[in-house]
Amino acid sequence: MQFKTKLIPLAAALAFIGSASAEDVVRIGHVAPLSGPNAHLGKDNQNGAEMAVEELNAKGFTINGKKVRLELQNEDDASDPKQGTAVAQKLADAKVKGVIGHLNSGTTVPASRIYAQANIPQISPSTTLPLYTHQGYKTAFRVVASDEKLGGTLAKYAAQNLKVKTVAVIDDQTAYGKGVADEFAKALRKQPGVTILGRQFTTDRATDFSAILTAIKAKKPDLIFFGGMDAVGGPMLKQMKALGIDAKFMAGDGACTDALPRLAGDAIGEGRVTCAEAGGVTGPQEKVWDDFRARYKKKYGQDVQLYAPYVYDAVMAMATAMHNAKSAEPAQYLPELKKVDFPGVTGRIAFDANGDLKEGTLTMYTYKGGKKTKMEVVR
């Protein structure tokens, strides 16, 4: 007996396979500085995103009862606003289903307009500039507290816990650095008995701070507050020591990293530096935090630098919304993203009407024995 076989033309067969694969894959973008002075933080973010995607895929992530595979499209914005908007347009043109990023406020804010125009949900794991979620874009979310809380809490801590009376403020003139320094200074002026001696400025690419530090030294401040990232904060601490400046040093989350002791050397001191990280957990949730850090170190052979847990939570929030909406289409899952409410690695993940966390917490740290040491969680 002879069987007749109907052959499908090759082009049609390939088109069918491609269509089936496209249906099974959900691609989301991730943007961070993978080059430049903040590349160590950008790679940390990328690792956090990849961990989340790999774990979801391993568990058999489903949308509308169908198993799908998440894919990550990593892009580098180099902490540069122009490159950030170019990358945002690239992701919009690629029609990704969502974006995790960017790291810096200076890249996140201009990129957010492009994502909003394309109706692509964006969750930043680290942008603290209040403007980001106050532009009226329904697509903008963040999983960290804003500069209003960060700067305000640091100012209160400086006055009430560190008991400082005179403070010099430095910022790197980026959207993040200026933003957190502005909020710190505004809140500090409300603290009785504390004087701001002046404001100095540098850049996020600077390496020589001798002129501004010499000017500050003459005023003998109790504390120097720095608005910027660890790549500048570390060398600044070194030069403070070289000039014999004994002032305490305070910074926001951008400089509150495990890498700061390496960048500052022995100038890190013992309890000299106080910084705050946006987010924080207490009680039973601390085990979840510790377990994440252990998994991260086992996978990558190094400790979390800073934002990886927040990136992980951002991916999980987006995946949860897709699952609940039974769709990966932005127009379908965006309303569900506004409703997510779950205990993440970094704390409760639930958004208010602006896309900010409903319960933004902060964790205060110092450095002892060359290691970042947790002091307390502030709500």
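Specify the inter-centroid distance of region 160-200 and region 336-379, based on alpha-carbon positions, in whole Å. Going from one Cα centre to the other spans 23 Å.
What the phi angles of region 134-148 give under the Karplus curve with 6.51, -1.76 and 1.60, with θ = phi - 60°, is a coupling list of 10, 9, x, 7, 6, 8, 9, 9, 8, 10, 10, 5, 7, 4, 4 Hz, glycine and proline written as x. Lys-Lys pairs in region 162-243 that are eight or more residues apart or on separate chains and whose Cα atoms lie under 13 Å of each other come to 5. Its convex hull of Cα atoms gives region 249-379 a direction-averaged projected area, equal to a quarter of the hull surface, of 9.1 nm². For the pair residue 353 and residue 117, what calculated FRET efficiency results from E = 1/(1 + (r/R0)^6), where r is the Cβ-Cβ distance and R0 = 22 Å, to the nearest 0.05? Efficiency computed from Cβ-Cβ geometry: 0.60. Entry note, the chain: the mean residue ellipticity at 222 nm calculated from DSSP H runs of n ≥ 4, each adding -39500 (n - 2.57), is -13500 deg cm²/dmol after division by the residues and rounding to the nearest 500. Pairs of lysines in region 253-338 whose Cα atoms sit within less than 23 Å of one another amount to 4, provided the residues are eight or more positions apart or on different chains. Qualifying GluC sites (Glu not before Pro) in region 288-379, where qualification requires a DSSP coil assignment and no more than 16 other C-beta atoms within 10 Å, comprise 359.
The string of couplings for region 167-176 from the Karplus curve (6.51, -1.76, 1.60, θ = phi - 60°) is 9, 10, 10, 10, 9, 8, 6, 7, 4, 5 Hz, one whole number per residue in order, with x for Gly and Pro.
With θ taken as phi - 60° and the Karplus curve 6.51 cos²θ - 1.76 cosθ + 1.60 applied, the whole-hertz 3J(HN,Hα) list for region 86-96 is 5, 5, 4, 5, 4, 5, 5, 5, 7, 6, 5 Hz, x standing for glycine and proline.
Here's how it looks for residue 63: its modeled amide H is under 5 Å from those of 68, which are all 5 or more places away or on a different chain. Region 254-287 and region 92-154 have Cα centres spaced 24 Å apart.
Recomputing semi-axes √(5λ) of the Cα gyration tensor in Å from the coordinates shown identifies the correct label among (i) 43, 20, 19; (ii) 29, 26, 19; (iii) 44, 24, 18 as (i). For region 164-260, trypsin sites (Lys or Arg not before Pro) meeting the loop criterion (DSSP other than H, G, I, E, B) and having at most 15 other Cβ atoms within 10 Å: 165, 189, 190, 205, 219. Rolling a 1.4 angstrom probe over the protein heavy atoms with all chains in place gives the chain an accessible area of 43 Å² per residue. A protection proxy built from the mean count of other Cβ atoms within 10 Å ranks the segments 91-100, 310-319, most packed first, as 310-319, 91-100. Distant-in-sequence amide contacts of residue 73, defined by a placed amide H-H separation under 5 Å and a gap of 5 or more residues or a different chain, comprise 28, 29, 30.
Here's how it looks for residue 78: its modeled amide H is under 5 Å from those of 34, 35, which are all 5 or more places away or on a different chain. A straight Cα-to-Cα reach below 20 Å connects residue 97 with the aspartates and glutamates 23, 24, 50, 54, 55, 71, 75, 76, 77, 313, 329, 336, residues fewer than 8 places away in its own chain not being considered. Binning all Cα-Cα separations of region 81-138 at 5 Å, short to long from zero, yields these whole-percent fractions: 4, 22, 36, 26, 10, 1. Extension gain for residue 300-residue 282 works out to 3.9 nm (0.36 nm per residue, less the C-alpha to C-alpha distance). Of the residues 212, 170, the one with the largest accessible area comes first in the ranking 212, 170, computed with a 1.4 Å probe on protein heavy atoms.
Between the Cα long axis of helix 308-325 and the first principal axis of the chain there is an angle of about 40°, rounded to the nearest 10.
The values are calculated or read from the model by the stated rules, or taken from the named source; none is laboratory data. Given the structure is predicted, the values throughout are model-derived calculations rather than measurements. Neighbour counts run over all protein chains shown; Cβ positions are idealised from the backbone, glycine included. We work out accessible area using only protein heavy atoms, side chains counted, and drop any ligands, DNA or RNA first. Shrake-Rupley method; radii C 1.70, N 1.55, O 1.52, S 1.80 Å.
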